[in-house]
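Beneath this line is the structure, given in structure tokens, with notes to follow.
Rule-based calculations on the coordinates, nothing more; no lab input. Predicted, not measured: the structure shown is a model, and the values here were computed from it. Backbone-built Cβ (ideal geometry, glycine too); neighbour counts: all protein chains shown.
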Ligand code: URA
């Protein structure tokens, strides 16, 4: 891995680019196999993530892991997971636009170094920032678009699926589409 990756990862803990640095326990860089060409991007750490320093470790993370397992994807093996915003917004509120803007350089650098072929946006905050400001998850989930040579898709945030389990079959369909896309574009992900 590039030296730059480790430098940025370590430097993130000292970041004071926005006010979230005053309330966080720790910044959350990401988790997974940096060799993977599949990157999943959520919103921001919650309480458990802030405590443990890893994305998606709470209830929504457990659901995410279970659903990913259906299509043979595993954060310990063949994908990388991070968030748009690296520090927890207090009370689990949505990150403010200025917090997203302040944090975006970290994500840009992660994308540059990982150089993914496929990016999956988990939820509205991620999809509206990265795919289309007008993105509507309920209408446009599972649809693939190409941006700067990267295939991108937005799907339901696992926390939304916990609130609204009726959307789980649609979310699973999206993941089946993801598996197909991986087989087409970077089947080696399934060898990792
Ligand atoms: N929700 C997110 O969007 N990211 C996390 O890491 C945890 C919950």
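Structure data summary
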read-out: Residue list for segment 35-53, given a label point 7 angstrom along the Cα-to-Cβ vector of residue 6 and an amide N cut-off under 17 Å; value: 35
read-out: Expected 222 nm ellipticity per residue - DSSP helices of 4 or more, -39500 (n - 2.57), all of the chain, to 500; value: -12500 deg cm²/dmol
read-out: With eigenvalues of the C-alpha gyration tensor scaled by 5 and rooted, segment 79-131, Å; value: 20, 12, 10
read-out: Anisotropy class of segment 1-109 from Cα gyration tensor, a/c 1.5 cut; value: oblate
read-out: Theoretical gain in end-to-end length, residue 13 to residue 101 [0.36 nm per residue, Cα-Cα removed]; value: 29.9 nm
read-out: Distance cut-off 31 Å, percentage of C-alpha pairs in the chain lying past it; value: 10
read-out: FRET efficiency estimate (nearest 0.05) - Cβ-Cβ, residue 148 to residue 172, R0 30 angstrom; value: 0.60
read-out: Additional length obtainable on full extension of the chain from residue 140 to residue 51, 0.36 nm per residue less Cα span; value: 28.7 nm
read-out: Approximate spin-label separation residue 190-residue 109, in nm, with each point projected 7 Å along Cα-to-Cβ; value: 3.5
read-out: Cβ-based exposure ranking for 119, 84, 113, in which fewest neighbours within 10 Å come first; value: 113, 119, 84
read-out: Span per principal axis, largest first, for the Cα atoms of segment 33-78 (Å); value: 27, 21, 16
